[in-house]
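Here the structure is laid out as structure tokens; the discussion comes afterwards.
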Amino acid sequence: MSDFLNKIVLSTRSATAHAAASVPLAVLRQHAETRRDFRGFAAALASPHSVRIIAEIKRASPSKGNLRINLDPAKLARAYEAGGAAAISVLTERAFFKGSPEDLAAARKATRLPVLRKDFILDEYQVYESAAMGADAILLIVRLLTDLELSNLYHLARKLGLDVLVEVYDDADAVRARNLGARLIAINNRDLTSFDTDVTRSHRLSSLLTPGTIIVAASGIAEASDIRRTLGSGINRFLIGESLVHAEYPIRLLQALNAIHPIEIKICGITDPETAAMCAAAGASAIGMVFYPPSPRNVSLEQARAIAAQIPFGVAKTGVFADQDADTILRIAFESGLDVAQLHRSSNRIPPELFTARGLPVVMALNLSGDALLEYVRRTPFDTGILVECGQGPLPGGNGQEWRWADAAVLRGLRPFAVAGGLTPENVVTAITESGATAVDVSSSVEQSPGVKDFGRVREFIAAARSVSIPQSSPVFWRPYPTISNLST
């Protein structure tokens, strides 16, 4: 460790020994083990498709000196909640960050948000202390602990009911956190030795972590451009401190950052559970399964149920149907556990109310443009999704054929819609920009062969699409149904 980290470690051990002399471990343990009012810190960050911000209360830092030494933690916590923060982080380290447990208690009492105790946790005493003081989660910094210490502190915290945010900085840290089985991992963009900040670090290290890990980008996130850049790597959770503490109106800053919506992405033509889980972990908003026997990506009900079981909550399970009647579509949808049905060819001439009345949202796939597209959409209920595609070829969907994305631009600002057909990692930014779509749908360009996805291409597509954010005035594609998404084959 650097001289700076050694100083922090020595200071923390001294402060912990002093605290233990005042309040014995047995007393803290009794309070910690009987506590039941934990707020779900991990749950607050769980949404994979909207910006989730941990807003930090921080009086000072070693690299920047005093930030706002006389801040009111309760007042700032209320502002963070009003601005849409998902959770709050409170520095409790006294010597270098001028924080205190009293700051944490005041912030938690003032809001309903879960609160992270951010400190240099080195000893089980501090874990019990964190639970007793009211924290809902603690931070464990990998580089400060041996593997045995990290494991013991992690599992003690989880046993008590605390969530644990595990902080990593480099490749070695990431591997150790992965081996620990950590569910929540913060990638610190700031080198604690030199204090240099590199906001691309979170993107590089995220590929080393287990799919499905909740990743938080920490340090160096100050403005909208930082959020957009990081969204491009598939990370949508952020820990933000200094810019919020300095902000004259933190509510407005948080609202502006929360208003950045990543484009919604559907990966279609999934034929096995492992690929479904992989695509969801990579950041897909929806997973598409094809129920059309002539398609090489067609799946059976048994396959569909196995795939659906691997799709996490919040990622839409979508079925693609063509030339099938309403009764067949409803039966398959309910037996396979779909969230939404995408209708092609003659199936999209069925009144959508026949499905929505039974609790099944639908997306109509349209091969229209210009005035014809505009007229159709204006006659379609707002709770019916719209997918615009080129519609060329023998199968429902785009069949890999690129088209003029601007043909769908008549819908820009009118309502959410998706585009499909010929999308690739190389052209998806152009497609979004020219069409004004709020969602995209891809299948063949991210495959090795029909129904067999290329994970590298999937990640490239998601990263490219997520580099474009939807303006604040544009609703997300599936707004009427929060767990539903868009489609193609």
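A short reminder: the numbers here are calculations on the coordinates, not readings from a lab. These numbers come from a predicted model, not from an experiment. Glycine gets a Cβ as well: all are built from the backbone with ideal geometry, and neighbour counts include every protein chain shown.
For this structure, a couple of remarks:
- Straightening the chain between Asn152 and Glu223 buys 21.9 nm, computed as 0.36 nm per residue apart minus the Cα-Cα spacing.
- Mean projected area of the Cα convex hull of the stretch 154-273, taken over all directions, amounts to 9.9 nm².
- Per-peptide average of other Cβ atoms within 10 Å, ordering 269-280, 7-18 highest first: 269-280, 7-18
- Summary of packing: across the peptides 377-390, 241-254, 64-77, 84-97, the per-residue average of other C-beta atoms within 10 Å ranks them, highest first, as 84-97, 377-390, 241-254, 64-77.
- The stretch 81-153 and the stretch 19-62: distance between their alpha carbon centers, rounded to Å: 5
- Take every DSSP beta bridge whose two residues both sit in the chain; close to 10 percent of them are antiparallel.
- Over the chain, dividing the summed -39,500 (n - 2.57) contributions of all DSSP H runs of at least 4 residues by the number of residues returns a 222 nm mean residue ellipticity of -10500 deg cm²/dmol.
- Whether the stretch 3-261 is rounded, prolate or oblate, judged on the alpha carbon gyration tensor where a/c under 1.5 counts as rounded: rounded
- Nearest-ten-degree value, helix 326-336 long axis tilted from longest Cα axis of the chain: 30
- Binned Cα-Cα distances of the stretch 111-175, short to long, each 10 Å bin given as a whole percent: 22, 56, 20, 2
- Take the Cα of Glu102, step 7 Å toward its Cβ, do the same at Ser47, and the gap between the two points is 3.6 nm.
- Degrees between helix 455-466 axis and first principal axis of the chain (Cα, 0 to 90, nearest 10): 80
- Of the chymotrypsin sites (Phe, Trp or Tyr not before Pro) found in the stretch 306-364, those in coil by DSSP whose Cβ has at most 13 other Cβ atoms within 10 Å are Phe313.
- Debye-sum result for the stretch 263-470 in log10 I(q)/I(0), which assumes one identical scatterer on each alpha carbon, at q = 0.18 Å⁻¹: -1.32
- Over all directions, the projected convex hull of the C-alpha atoms in the chain averages 22.9 nm² in area.
- Using alpha-carbon coordinates, inclination of helix 25-34 to the longest axis of the chain, degrees: 30
- Ratio Rg/Rh [Cα only; Rh per Kirkwood] for the stretch 36-160: 0.96
- Restraint check, Lys58/Lys109; Lys266/Lys317; Lys75/Lys109; Lys109/Lys159; Lys98/Lys118, Cα-Cα greater than 19 Å: Lys109/Lys159
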